[in-house]
Amino acid sequence: MSRYVMVKTQLRDLRLLRETLQGMGCSVQEGAAVRLMAGERRADLVAQTPAGSVGFVQAGEDVRAVGMEELLRREAFRRFLEQVTQQYARRQVMAEAERAGYRLVEETVEADNTIRLVVRRW
């Protein structure tokens with residue numbers, strides 16, 4: 001029987017995470033419940049991802065993924081979380097650059113999926 005687990009992520013900001021997930025095409029609900037084998041677990045955000053339904057909760061300064069162990073241990077979820085982390089970091093960098101008066105001039109994605117951003121102050 002599978003059990004409920006929490007997985008620590010590199011994410012910190014739920015608002016930025018929500019925007020990232022929505023930008024990736026995921027349906028996101030705030031304050032919803034994640035279904036578990038033995039009931040439900042309330043989460044700050046619940047996302048319908050390609051890997052399945054996953055909750056995210058603020059735990060101190062960290063955001064943690066919550067759900068069924070069998071789902072969160074899958075390779076498909078690991079790859080999805082890597083993509084979320086990358087897009088989250090891109091959004092975070094762009095927000096900081098814009099606050100500092102910079103604008104995006106060029107964005108390229110390399111063969112290894114590295115995102116290269118060129119910004120310039122006008």
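The values are calculated or read from the model by the stated rules, or taken from the named source; none is laboratory data. This one's a predicted model, so the numbers in the text were calculated from it and none came from an experiment. Heads up, the Cβs are rebuilt from the backbone with ideal geometry, glycines too, and the neighbour counts pull from every protein chain shown.
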Quiz item: Looking at the range 2-16, is at least one residue in contact with a helix residue (DSSP H, G or I) (Cβ under 9 Å, 6 or more places away or on another chain), free of Cβ contacts under 8 Å to residues at least 24 places away in the same chain and not in a loop (DSSP other than H, G, I, E, B)?
Solution: no
Exercise. Just need a number here: residues in the range 64-111 that are of a type in the set (D, E, K, R), in a strand (DSSP E or B) and in contact (Cβ under 8 Å) with a residue 12 or more places away in the chain.
Key: 3
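Among residues belonging to the range 37-57 that are surrounded by fewer than 17 Cβ atoms within 10 Å (Cβ to Cβ) and among the aliphatic types (A, V, I, L, M), point out the one that is modelled with the lowest pLDDT.
Narrowing the range 37-57 to residues surrounded by fewer than 17 Cβ atoms within 10 Å (Cβ to Cβ): 37-40, 42, 48, 50.
Filter once more, keeping what is among the aliphatic types (A, V, I, L, M): 37-38.
Working: Met37: 64, Ala38: 68.
Here the answer is Met37.
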Practice problem: Tell me which of these Tyr88 doesn't satisfy, since it passes every other one: (1) among the aromatic types (Phe, Trp, Tyr); (2) surrounded by fewer than 12 Cβ atoms within 10 Å (Cβ to Cβ); (3) at pLDDT 95 or above. | Solution: (2)
